[in-house]
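Trainee: This structure is in C-alpha cells; I'll ask about it shortly.
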Amino acid sequence: MIYIDMFVFIYALLLGSFLNVAAIRLLKKESVSFPPSHCPTCKNKLNVFDLVPVFSYLFLRGKCRYCKQRISALYPFGELLTAFTIFLVYKEIGWTLELIPALLLTVLLLLSVLTDIREKLILDIITFPMLGLLVLIRYFIGTEPFMHYLLGGVVGFSLLLIIAIVSKGGMGGGDIKLYAAIGVGLGPLLTIMSLVLASFAGAIAGVFLLLTGKVKRQEPIPFAPFIFIGTILSFLYGNEIFQWYISFY
C-alpha cells in the first residue's frame, strides 16, 4: 500500500508540473504541448534535470540555470498543491468510481486557482470542456440520480449569477461558469455549502490582507483559491460538516 501511495503522490507532483505549464500557456493562448518546456525569459529549452517538480526549483535556488532570472514561486506552489490535494482526494475516496469525477473536478479547480492567481482570470477554454466531461461522467457515475447533479449545476450557476447582479460585477463571469461545473460535481446541497465555505474563507483572507496592507479597499482579489477550499472541503467532508453544524441545534 505504501508503494501505491508513493506512486500516487509522485504522479500528482508530475501532474502539478504539467498544470503549471498548461495554466501559463492557456493564459497566453499558446499550445500546451508545443514548443517543449523552456525558460520564459531566455527561451532556452529546459532539460530533464530542470523539470523535476519542486526539487529543481530548490536545487537551482529559484533561478533559471541559463540566464539566472528568478523563477516564480508559483511553480513549486502549484506542484505541491496538486500533489497534496490529489493525494488527499485519493485517500479519502479510495479506488471507487467516485474517484473519477472527484479527480476531474480537482484538476478543474487547480487550473482555475493557477490562472486566477496569475491573471485574475478563470478561462472558459478550461471550464467548458470540464463541465461537459462532468455532465457526461455524472450520467454514468454518482451516488445520486443524474438529475440531482444537473440541478446542482443549475443551482451553482444561478447563485453566482444572482450574486454578480446584486453586487454589480463583484463576481466575475469565470466564477459563475466554474460554479456550474462545481454544481454538477457536487449536487445542489454541497454546492451551497461550498459557496458558504468559500465566502467565509475569502472574508477572513480579505480582512487579513486589508489589515496587513497587502491590498486596498475595492481592490479585487482572486476568488478561485477560496472556491477551491470550499469545494474540496464540501466534496470530501460535506456530510461531517453538516452533522457538526446541526449538532448545535
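Trainee: Pull up all non-local amide H partners of Ile122: gap of 5 or more, or a different chain, and H-to-H distance under 5 Å with H placed in the peptide plane.
Mentor: Excluding prolines and chain starts, which carry no amide H, the hits are Gly174.
Trainee: How large is ³J(HN,Hα) for each residue in the stretch 196-209, as worked out from phi by the Karplus curve 6.51 cos²θ - 1.76 cosθ + 1.60 (θ = phi - 60°), to whole Hz, x for Gly and Pro?
Mentor: The phi angles translate into 4, 5, 5, 5, 5, 5, x, 5, 4, 5, x, 4, 4, 5 Hz.
Trainee: Chymotrypsin sites (Phe, Trp or Tyr not before Pro) within the stretch 58-152: which are DSSP loop residues with at most 15 other Cβ atoms inside 10 Å? Let's see the in-between values first.
Mentor: Details: sites: Phe59, Tyr66, Phe77, Phe84, Phe87, Tyr90, Trp95, Tyr139, Phe140, Phe146, Tyr149; in loops: Tyr66, Trp95.
Answer in residue order: Tyr66, Trp95.
Trainee: If you don't mind, there's one more thing I want to ask. Filter the trypsin sites (Lys or Arg not before Pro) in the stretch 166-249 to those in DSSP coil with at most 10 other Cβ atoms within 10 Å of their Cβ, and list the result.
Mentor: Numbers: sites: Lys168, Lys177, Lys214, Lys216, Arg217; in loops: Lys168, Lys214, Lys216, Arg217.
Listed in order of number, the matching sites are Lys168, Lys216, Arg217.
Trainee: Return the calculated 222 nm mean residue ellipticity for the chain, to the nearest 500 deg cm²/dmol, obtained by summing -39500 (n - 2.57) across DSSP H runs with n ≥ 4 and dividing by the residue count.
Mentor: Working: 9 runs with 171 residues, N = 249.
Counting only the DSSP helices, I get -23500 deg cm²/dmol.
Trainee: Would you work out the relative contact order for the chain, in percent, from Cα pairs under 8 angstrom that are 6 or more residues apart? Walk me through the numbers on the way to the answer.
Mentor: On the way: 302 pairs, mean separation 41.4, N = 249.
About 17 percent, as a whole number.
Trainee: Taking the Cβ of each residue in Thr85, Thr191 as the centre, tally the other Cβ atoms inside 10 Å and list the residues starting with the fewest.
Mentor: On the way: Thr85 20, Thr191 30.
In order of increasing Cβ crowding within 10 Å: Thr85, Thr191.
Trainee: Can you give the net charge of the other residues whose Cβ lies under 12 Å from the Cβ of Thr85, counting K and R as +1 and D and E as -1? Before the final figure, lay out each step's value.
Mentor: Working: positive: Lys91; negative: Glu79, Glu92.
Net local charge, Thr85 excluded: -1.
Trainee: Something else about it: Please find, in a Gaussian network model of the chain (springs between Cα atoms separated by less than 10 Å), the residue of Ala205, Ala83, Ala180 whose mean-square fluctuation is greatest.
Mentor: Ala205
Trainee: Per residue of the stretch 27-37, in order, report the coupling 6.51 cos²θ - 1.76 cosθ + 1.60 (Karplus, θ = phi - 60°) as ³J(HN,Hα) in whole Hz, putting x for Gly and Pro.
Mentor: 4, 8, 6, 10, 5, 6, 9, 9, x, x, 4
Trainee: Related question: Give me the angle, in degrees from 0 to 90, between the Cα long axis of helix 99-119 and the longest principal axis of the Cα atoms of the chain, rounded to the nearest 10.
Mentor: Tilt relative to the chain: about 60 degrees.
Trainee: Straight-line reach from Lys43: which lysines fall under 29 Å, measuring Cα to Cα and dropping same-chain residues less than 8 apart?
Mentor: Within the straight-line limit of under 29 Å, Lys43 reaches these lysines: Lys28, Lys29, Lys63, Lys68, Lys120.
Trainee: Could you work out the Rg to Rh ratio of the chain, with Rh taken as the Kirkwood radius (inverse of the mean 1/r over all Cα pairs)?
Mentor: Values: Rg = 19.0 Å, Rh = 19.3 Å.
That ratio equals 0.98.
Trainee: Would you list Val32, Val48, Val89 from fewest to most Cβ contacts within 10 Å?
Mentor: Details: Val32 11, Val48 8, Val89 21.
Placing the least packed residue first, the sequence is Val48, Val32, Val89.
Trainee: For His38, enumerate residues with amide H under 5 Å from its amide H, sequence gap 5+ or separate chain, H modeled in the peptide plane.
Mentor: Residues meeting the criterion, in which the H sits 1.01 Å from N, are Leu46.
Trainee: What is the order of Val135, Val166, fewest Cβ neighbours within 10 Å to most? Provide the component values of the computation, followed by the final result.
Mentor: Working: Val135 17, Val166 9.
So the residues, fewest neighbours to most, are Val166, Val135.
Trainee: Using the 2.2 N^0.38 Å rule of thumb for compact globular proteins, work out how the stretch 133-208 stacks up: its C-alpha Rg over that value, please.
Mentor: On the way: Rg = 13.2 Å, N = 76, 2.2 N^0.38 = 11.4 Å.
The value comes to 1.16.
The numbers here are math on the coordinates, done by the rules we state, and not lab data. Note that the coordinates shown come from a computational prediction; the quantities given were computed from them, not determined experimentally. In this analysis, Cβ positions are derived from the backbone assuming ideal geometry, glycine residues included, and neighbour counts consider all displayed protein chains.
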